Each structure stands twice: as structure tokens, then as C-alpha cells.
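Here's the structure we're looking at; comments come further down.
The values are calculated or read from the model by the stated rules, or taken from the named source; none is laboratory data. Keep in mind that what you see is a predicted model, and the values were worked out from it rather than measured. Cβ coordinates were reconstructed from backbone atoms using ideal geometry, including for glycine residues, and neighbour counts include every protein chain displayed. In case anyone asks, the SASA skips ligands and DNA or RNA and just uses the protein heavy atoms, side chains included. Shrake-Rupley method; radii C 1.70, N 1.55, O 1.52, S 1.80 Å.
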Amino acid sequence: MTITNMETVTGILVVFGTSFLELWAGIPIGLALKLNPFITGTASALGAISASVLVLSLGDNLRKKFFKWRYGGKKDLKKGKYYKIWNKYGIVGLGLLSPLFFGAPLGSGLGIVLGAEKRPLLIWMSIGIILWSILLTTAGYFGIMVFESAEFFNF
């Protein structure tokens, strides 16, 4: 069964949109739609990076609202658990780990709330997103290949 150009474009948009919300969801959808793994990984990474850019562009408002909600307007973040984690791992750790553990948009928002500069945060978030997109797409693709070629599944 071949995929038409319109199905491919639709699939790419679905993967992009899903990855905009959650990287973990976009990759399996792309593979299930039988998109090329490179296209799946690229669309997923671009969707997650776009979400990070959007969150970072709204950053200052997000930071103000968070402090008002969490601390009643007092900017005493240094007593919180997130600040301790931030001091331990910094922008690099957040950028590399957040796309995997709690998503790029939430990771970007957390970085802004914790006072990260936008440009370095976007760079490290993008590196983390690209890294995890490659790893998850590769694992998913080879996992599908193993299941399709396994003799015990051929009845």
C-alpha cells in the first residue's frame, strides 16, 4: 500500500501538531501512519521546537502570573523545590531532560519561571528535542521492524 502525497502532507501536519503538544505522542503517530522515519522525526522535532518558541515568546507574562499565583506576588523562589533542582542542573539539564520527562512547552515555561535567558534556553531545548526525536524515532522504527519480522507473530 502506497501513501499518496496528500496523505503524506496530512500525516506530517498531524505529527507536527501532536508533537507541538507532546513529543512522545507525535513520533508513534508518524510511524503508525507509515511516514518515513526521517520525516517523522523532523516533523516531531519542529512541532516541539515551535511550542517552545511560543512559550518563550510569552515568557515575561508567564513569569509574572506564576509568581502572583504561587507566591502571592512575592518573588521568593529561592525557597522552592524547583529552584533547588534548577541550581543543580541549570539550563543544560532542563533543555536535555524536559522534552523527555514533561514536554518541551512545560520545560520552556519552567525555565522562564526560574529566570533562564530565552536564547540559551531555546538552544538547549532545541538540542534536547532533536536528540530525543532521533532516539525515540530510531527506537520506534526498529521496534516496529522487530515485531513485523518476528516469526511468532506470523500465523
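With r defined as the distance between the Cβ atoms of Lys64 and Leu131 and R0 fixed at 30 Å, what FRET efficiency is calculated, to the nearest 0.05?
Working: r = 31 Å, r/R0 = 1.05.
Taking R0 as 30 Å, the efficiency between Lys64 and Leu131 is 0.45.
If I compute solvent accessible area with a 1.4 Å probe over the protein chains, what percent of it on the range 1-59 is carbon and sulfur?
Numbers: 2520 of 3250 Å².
Answer for the range 1-59: carbon and sulfur cover 77 percent of the accessible area.
Provide the packing ranking of 125-138, 8-21, i.e. peptides ordered by the mean count of other C-beta atoms within 10 Å per residue, highest first.
125-138, 8-21
How much accessible surface does Lys88 have with a 1.4 Å probe, in Å² rounded to 10?
Around 150 Å² of this residue is reachable by solvent.
Place the peptides 36-45, 50-59, 104-113 in order of packing, highest mean first, counting for every residue the other Cβ atoms within 10 Å and averaging per peptide. Don't skip to the answer; put the middle values down first.
Details: 36-45: 21.9, 50-59: 18.9, 104-113: 23.8.
With the highest mean Cβ count within 10 Å placed first, the list reads 104-113, 36-45, 50-59.
Calculate, in nm to one decimal, what Asn36 and Ile123 gain on full extension: separation in residues at 0.36 nm each, minus their alpha carbon distance. Before the final figure, lay out each step's value.
Working: separation 87, 0.36 × 87 = 31.32 nm, distance 2.62 nm.
Answer, rounded to one decimal: 28.7 nm.
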